[in-house]
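A quick write-up on the structure given underneath.
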Amino acid sequence: MSMLSTNELEKLSAAESLFPSPIPVQSVSSDEFMPGLQTKKQREFETRVKEMGARMAKRLGMSRRRFFQTAAGMATAFLAMNDTYGPIFGVSAAEAAEPEHADDRAKKLSGQFIMDMHTHFLRPGTKIMTFVNQRKAVGKAGWNPGLAKEQTIDDLMFTNYLKEIYLDSDTKVACISGAPSEVPEDWFLTNEMKAQARADVNGLAGSKRMLAHAIFTPGYDGWMEQIDHAINDLKPDSMKGYTIGDNTNKNLSKHPWRLDDEKLVYPAYEKFAKAGLKNVCIHKGLFPPSVEKQFPHLLEYSDVRDVGKAAKDWPQLNFIIYHGGYRFAGGGSVEDAWAQFEQTGRIEWITDLSEVPAKYGVKNVYADVGQLFAQSTIADPRVSAVMVGQLIKGMGSDHVCWGTDAIWTGSPQWQIEALRRLEIPEELRRKYALQPLGPADGPVKTAIFGGNNARLYNYKPQHRAALENDRLASYRELYDKHGAGRTNLAYGYALKTA
C-alpha cells in the first residue's frame with residue numbers, strides 16, 4: 001500500500017531511469033511523498049553536466065559513465081552546478097580537467113570521520129514495488145559478478161545498502177532507521193530487523209560500524225509494551241518517532257501525536273530516560289502546502305510547534321529533529337522556500353526550529369539535515385546554504401547533525417561532497433548575519449559530519465581508531481582498486497518528464 005494514489009503512480013517512473021549524474025538531476029522520493037517536477041534550472045543543469053562530462057571524458061579517453069565515477073567527474077558536476085546556480089560550491093576547473101588533482105583532494109578527505117545517523121534500506125518482500133527495480137543495479141554495475149544473474153528483491157536490499165553506504169561513500173558509521181505504518185507489512189524495517197542489521201554489519205566489520213533505532217508509535221495497540229521489548233531485548237542506540245503517525249500512508253494515519261503530549265507521550269520519555277536512552281529522533285517536515293491540502297488535520301503534527309515545550313520539560317533527553325523540519329520537499333516547490341526567504345527572511349519550519357533554543361531556554365534540541373539538504377541542494381543550493389546557516393545561527397554548529405536519508409538518493413557521497421564544498425554567498429552572510437561554513441575539514445563541517453553525532457552517541461576515540469583496520473576498511477581498499485565504482489543511481493520515484 002502507498003500514500004500515492006493510482007493516478008499519482010501513473011505519473012512516476014523509477015528513479016534509476018534518470019541520467020546517472022553524480023548529483024541527481026531532479027527530485028527523487030521514497031514512498032513517503034510525491035516527488036517534485038524537474039525545474040527549469042534542473043533541466044539546465046542536466047544539459048550542462050551531460051555536455052561537460054562528455055567533453056571531459058573524450059579528452060581523457062574514457063566513457064562518460066566511467067568519468068562520472070571518478071573524483072574529476074564529481075568535480076565536473078559541481079562546476080556545472082555553479083554554472084547553473086551561481087558560485088555556491090568551492091570547486092576548481094583544475095579538479096575536473098586534471099584527474100590527479102581531483103584524486104589527491106579526494107584521497108586527502110577520504111579519511112574524514114563521517115557519522116550518518118539517518119539511513120534506510122527496505123525489508124525483503126516489501127510491497128513498495130517501485131524499489132524492485134533496484135535488484136538489477138548491483139549486477140549491472142558489475143561490482144559483484146555473483147549478482148549479475150536475475151535477482152529477487154530479497155537478494156538486493158541489504159547488499160546494495162552495504163555497497164552504497166560503506167564502499168561508494170566516505171561514510172564511516174551509519175545508523176539504520178525505519179518508518180512505521182498502520183499496515184504492518186509497510187514498515188520499512190521492523191525493530192527486530194534493524195537490530196539484526198546492526199549485528200550483521202558490526203559482525204562483518206569486526207568494529208562498531210552501525211547503530212540502530214527502535215521506532216516507537218504512540219497510540220498504537222500495545223505500543224508501550226513494544227518499547228519495553230525494544231529496550232530489554234533489542235538494545236537500540238536511540239528511539240525514533242513519527243509525530244504524523246503513518247507517514248507512508250497518510251490517508252490511513254489514525255495515531256498522530258505531539259511531542260508535548262503529557263498524558264500520552266511523557267510516560268514513554270520516562271522509560272527512555274530510565275533506560276539511559278537520551279536521544280529521541282523525530283521525523284518532522286516534508287509536508288508541503290500541496291500535501292497539507294490533502295491532509296489538513298495532520299499539519300499540527302508535522303511542524304515543529306511542539307518541540308520547545310517537550311525539550312524544556314525533559315532536559316535529560318536530546319530531541320533530534322530529522323530533516324530540520326524542512327517543509328518544502330517533494331511536491332513542494334523550492335522556489336516557494338526561496339521566495340518566502342526573500343520576502344520574510346524565514347523558511348518554514350527551519351527558522352522556527354532554529355529559534356527554539358532561545359525562545360525556550362533549552363540546549364537539548366538538534367537538527368539532523370536529512371532531506372532538507374538532499375532535496376534543496378539539487379533544486380536551489382542557495383536554499384541549502386541559507387537553511388544550514390540559519391540552523392547554525394540559532395542552534396550552534398555543535399547542534400547540527402549529519403544524516404542523508406540514503407539510500408533513496410543513491411550513495412550519499414554526492415551529499416558529502418556538496419557539504420564539503422558548500423558556502424553561503426557573502427552577500428547573504430552580510431544581510432542575514434550568517435557565519436561562513438568554512439573549509440571541508442574546518443571546525444564547522446567537521447562537527448556536522450561526525451563530531452556532534454559522536455558526542456551524542458558516546459562514540460569514543462577507540463571506536464574510531466578501530467575503523468582504520470577493520471574488515472570493512474580492507475574491503476573498501478579492494479573495492480577502490482578493483483571495483484566498478486559508483487553507479488550514480490538514485491532509487492525510488494521521479495516524476496516522468498512531459
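The values are calculated or read from the model by the stated rules, or taken from the named source; none is laboratory data. Just so we're clear, the structure is a prediction, and the values are computed from it rather than from any experiment. All Cβ positions, glycine included, derive from the backbone under ideal geometry; neighbour counts span all protein chains shown. These accessible areas exclude ligands, DNA and RNA; they are computed on the full protein's heavy atoms, side chains included. Shrake-Rupley method; radii C 1.70, N 1.55, O 1.52, S 1.80 Å.
Quick notes on this structure:
- Qualifying residue in segment 241-251 (condition: surrounded by 16 or more Cβ atoms within 10 Å (Cβ to Cβ), in a loop (DSSP other than H, G, I, E, B) and of a type in the set (Lys, Arg)): no
One line per residue, one yes/no per condition, for (1) open to solvent by 10 Å² or more (accessible area, probe 1.4 Å); (2) among the polar types (S, T, N, Q); (3) in a loop (DSSP other than H, G, I, E, B); (4) at pLDDT 95 or above:
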site: Val280; (1), (2), (3), (4): no, no, no, yes
site: Leu298; (1), (2), (3), (4): no, no, no, yes
site: Tyr301; (1), (2), (3), (4): yes, no, no, yes
site: Pro315; (1), (2), (3), (4): yes, no, yes, yes
site: Gly331; (1), (2), (3), (4): yes, no, yes, no
site: Gln343; (1), (2), (3), (4): yes, yes, no, yes
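- Residue count for segment 356-393, restricted to those that are of a type in the set (Gly, Ala, Ser), in a helix (DSSP H, G or I) and open to solvent by less than 20 Å² (accessible area, probe 1.4 Å): 6
- Of all residues in segment 461-489, those being surrounded by fewer than 10 Cβ atoms within 10 Å (Cβ to Cβ) and closer than 13 Å to Lys208 by Cβ number 2.
- Taking the criterion of being surrounded by fewer than 19 Cβ atoms within 10 Å (Cβ to Cβ) and under 12 Å from Val183 (Cα atoms), the residues of segment 252-264 that qualify are Leu252, Lys254.
- Among the conditions (1) modelled with pLDDT of 95 or more; (2) assigned to a loop (DSSP other than H, G, I, E, B); (3) not small (Gly, Ala, Ser), the only one that Arg420 does not satisfy is (2).
- Asp352 closer than 13 Å to Lys284 by Cα, open to solvent by 20 Å² or more (accessible area, probe 1.4 Å) and part of a helix (DSSP H, G or I): yes
- Flag if Gly450 is more than 12 Å from the chain's Cα centre (by Cα) and either free of Cβ contacts under 8 Å to residues at least 60 places away in the same chain or under 30 Å from Gln343 (Cβ atoms) (or both): no
- Complete set of residues in segment 200-218 that are closer than 18 Å to Gly178 by Cα and assigned to a loop (DSSP other than H, G, I, E, B): Arg209, Phe216, Thr217, Pro218
- If you check Glu192, Glu270, Glu185 for being acidic (Asp, Glu), part of a helix (DSSP H, G or I) and over 26 Å from Asn160 (Cα atoms), only one passes: Glu270.
- All positions within segment 400-413 that are in contact with a helix residue (DSSP H, G or I) (Cβ under 7 Å, 6 or more places away or on another chain) and either among the β-branched types (Val, Ile, Thr) or assigned to a helix (DSSP H, G or I) (or both): Val400, Thr404, Ile407, Thr409
- Of all positions in segment 217-231, none carries a residue that is within 22 Å of the chain's Cα centre (by Cα) and closer than 23 Å to Asn453 by Cβ.
- Subset of segment 79-109 (residues that are of a type in the set (S, T, N, Q) and either over 26 Å from Lys50 (Cα atoms) or not in a loop (DSSP other than H, G, I, E, B) (or both)): Asn82, Thr84
- Screening Leu434, Leu456, Leu422 for residues that are out of contact with any Cys (no Cβ under 6 Å at 6 or more places or on another chain), within 26 Å of Val25 (Cα to Cα) and either loosely packed, with under 13 Cβ neighbours inside 10 Å or of a type outside the set (Val, Ile, Thr) (or both) leaves exactly one candidate, Leu422.
- Among the residues making up segment 174-188, those that are open to solvent by 10 Å² or more (accessible area, probe 1.4 Å) and not aromatic (Phe, Trp, Tyr) are Glu182, Val183, Pro184, Glu185.
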